[in-house]
Amino acid sequence: MEFNRSIIITGGAGFIGSHVVRLFVNKYPEYRIINVDKLTYAGNLANLKDIEDKPNYTFVKADICDFDAMSALIRDERVSGIIHLAAESHVDRSIKDPFTFARTNVMGTLSLLQAARLYWESLPERYEGKLFYHISTDEVYGALQMTHPDGIEPPFTTTASSGTHHLAYGDSFFLESTPYSPHSPYSAAKASSDHFVRAFHDTYGLPAIVTNCSNNYGPYQFPEKLIPLFINNIRHRKPLPVYGRGENVRDWLFVEDHARAIDVIFHNGKPSETYNIGGFNEWKNIDIVKVLIETVDRALGRAEGEDMDLITYVTDRAGHDLRYAIDSSKLQKELGWEPSLQFEEGIEKTVRWYLDHQEWLDEVTSGEYQKYYENMYSGR
Ligand code: NAD
Ligand code: DAU
């Protein structure tokens, strides 16, 4: 079959990557979509079962740090676009093992950048029609305070420059121009990779876009992250380890809305630009935990709130950022993207999905899926 372009999506077997792969494979049958993933503990091909037989989809098990493998793949497949999601993504793991985060997030990104640059520069048309799209996080901006100049108690209603009214826990927001100030080894490694992407644009002219997104939630998220971990624990009546007093604020976006934003930006974003992605949806952790308990209890026919006593306050995460809040006005105004789901609806959908997919949860927590796929794919 003839395809009009080949696109690599790295980390396509992970949480967000699998939603991006699914969207692109289904929406663009004219593109050849190559999912490059090392299948670490976080990568799971079962996330892509529904599209794995599509003619425009290919999986390549490879490490993005392997420069020779990346160079060969990009050249052999005549790749014109790279959407780069592969990373170590969990803050708590980065505190225990920072080296792995520097290796994958920094050296892996550098290896892909160099491989893409050398191939694209070797072509007669060079960078024309090419794009390196790097998926990053709001965590690179550091932490925001929970203050209002008039001493108003949060949360309060505020209006973004896009006209969106929303509840906020402070009067400052992450803008594309906010200086970087990462605090965890994870965010330091992501920040470093963002700088490399921009350096490749400024030094070599590589067409590159960086986007910084807020916390995602939804199906297929590895159950070490707050929302899937807690849904599973509530179901099994296990303690819910809330760090500190649960006062930290995160800004939550449904994962399919992030995937839609990536699609819009990949096709219409301006190379060299940065776009913040977020849903103007700030929540204190403890409030999310209560919503999760009520939603799971209701779904399981338990008395609503019956499981509140599972909440267990534990030692705080080291360097725990107080508040994240993304201002995504630029993306909304320039490219017309906006989130499609209200949080309450997204949480209902998410809880339902995890309750209906206990097998998936059991498999990923036991590590069985990795043994299975290791036998199926042993390198390129
Ligand atoms: P994830 O941990 O669920 O998935 C990461 C994927 O990358 C896995 O499939 C893993 O196997 C793969 N991978 C890891 N190391 C690799 C390597 N060396 N070579 C090839 N593949 C490798 O992560 P996620 O939550 O889906 O996040 C995806 C991207 O989005 C990351 O870059 C992350 O920083 C960014 N991000 C995540 C969020 C969020 O809330 N989850 C928010 C903003 C940005
Ligand atoms: O902001 C975007 C980032 O969101 C992404 O870049 C990261 O890849 C992603 O992991 C996520 O980082 P967080 O650290 O915000 O997500 P996590 O789900 O680990 O934690 C959410 C909040 O809940 C955070 O304030 C810590 C708290 N928490 C988390 C866990 C796992 C708890 O209180 N208890 C827990 O057991």
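General remarks:
- Residue check: residue 1 meets all listed conditions (1) over 22 Å from residue 130 (Cβ atoms); (2) open to solvent by less than 10 Å² (accessible area, probe 1.4 Å); (3) among the aliphatic types (A, V, I, L, M) but one, namely (2).
- Test: residue in the range 351-371 that is in a helix (DSSP H, G or I), of a type outside the set (A, V, I, L, M), in contact with an Asp or Glu (Cβ under 8 Å, 6 or more places away or on another chain) and open to solvent by less than 30 Å² (accessible area, probe 1.4 Å): yes
- Counted as qualifying within the range 34-152 are the helices (runs of 4 or more DSSP H) with 1 or more residues that are among the charged types (D, E, K, R), namely 67-76, 91-96, 109-121.
- Inside the range 285-295, residues that are in contact with a helix residue (DSSP H, G or I) (Cβ under 6 Å, 6 or more places away or on another chain) and either basic (Lys, Arg) or away from ligand 2 (no atom under 16 Å from the Cβ) (or both) make up a count of 1.
- Residue in the range 322-332 that is out of contact with any helix residue (DSSP H, G or I) (no Cβ under 9 Å at 6 or more places or on another chain) and among the polar types (S, T, N, Q) present: yes
- In the range 227-249, the residue that is nearest to residue 365 (Cα to Cα) out of those that are within 16 Å of ligand 1 (Cβ to nearest atom) and surrounded by 21 or more Cβ atoms within 10 Å (Cβ to Cβ) is 228.
- First in the range 110-139 and more than 16 Å from ligand 2 (Cβ to nearest atom), second anywhere and among the small types (Gly, Ala, Ser) and in a loop (DSSP other than H, G, I, E, B), Cβ under 8 Å, 6 or more apart: 127/205; 133/269
- Top-ranked residue of the range 314-347 - restricted to ones that are of a type in the set (A, V, I, L, M, F, W, C), in a loop (DSSP other than H, G, I, E, B) and under 21 Å from residue 274 (Cβ atoms), ranked as nearest to ligand 2 (Cβ to nearest atom): 325
- Verdict on residue 185 being closer than 26 Å to residue 349 by Cα and crowded, with 19+ Cβ neighbours inside 10 Å: no
- Taking the conditions (1) open to solvent by less than 50 Å² (accessible area, probe 1.4 Å); (2) free of Cβ contacts under 8 Å to residues at least 60 places away in the same chain; (3) more than 16 Å from ligand 1 (Cβ to nearest atom) in turn, residue 285 satisfies each one other than (3).
- Count of the range 6-36 residues which are more than 16 Å from ligand 2 (Cβ to nearest atom) and open to solvent by 10 Å² or more (accessible area, probe 1.4 Å): 10
- Residue match in the range 201-213 (condition: within 23 Å of residue 279 (Cβ to Cβ), near ligand 1 (Cβ under 10 Å from one of its atoms) and open to solvent by 40 Å² or more (accessible area, probe 1.4 Å)): no
- Qualifying residues in the range 69-93 (those that are near ligand 1 (Cβ under 9 Å from one of its atoms) and open to solvent by 10 Å² or more (accessible area, probe 1.4 Å)) - the one farthest from residue 263 (Cα to Cα): 90
- Residue count for the range 217-258 under the criterion of being farther than 14 Å from residue 353 by Cα, more than 7 Å from ligand 2 (Cβ to nearest atom) and among the polar types (S, T, N, Q): the result is 1.
- Note on the range 267-294: residues that are in contact with a strand residue (DSSP E or B) (Cβ under 6 Å, 6 or more places away or on another chain) and of a type in the set (S, T, N, Q) amount to 3.
- Residue within the range 111-130 that is open to solvent by less than 20 Å² (accessible area, probe 1.4 Å) and within 10 Å of ligand 1 (Cβ to nearest atom) present: yes
The values are calculated or read from the model by the stated rules, or taken from the named source; none is laboratory data. Remember, it's a predicted structure, so these values are computed and weren't measured experimentally. FYI the Cβ positions are ideal-geometry reconstructions off the backbone, even for glycines, and counts take in every protein chain you see. Just so you know, the surface numbers come from the protein's heavy atoms only, side chains and all, with ligands and any DNA or RNA stripped out. Shrake-Rupley method; radii C 1.70, N 1.55, O 1.52, S 1.80 Å.
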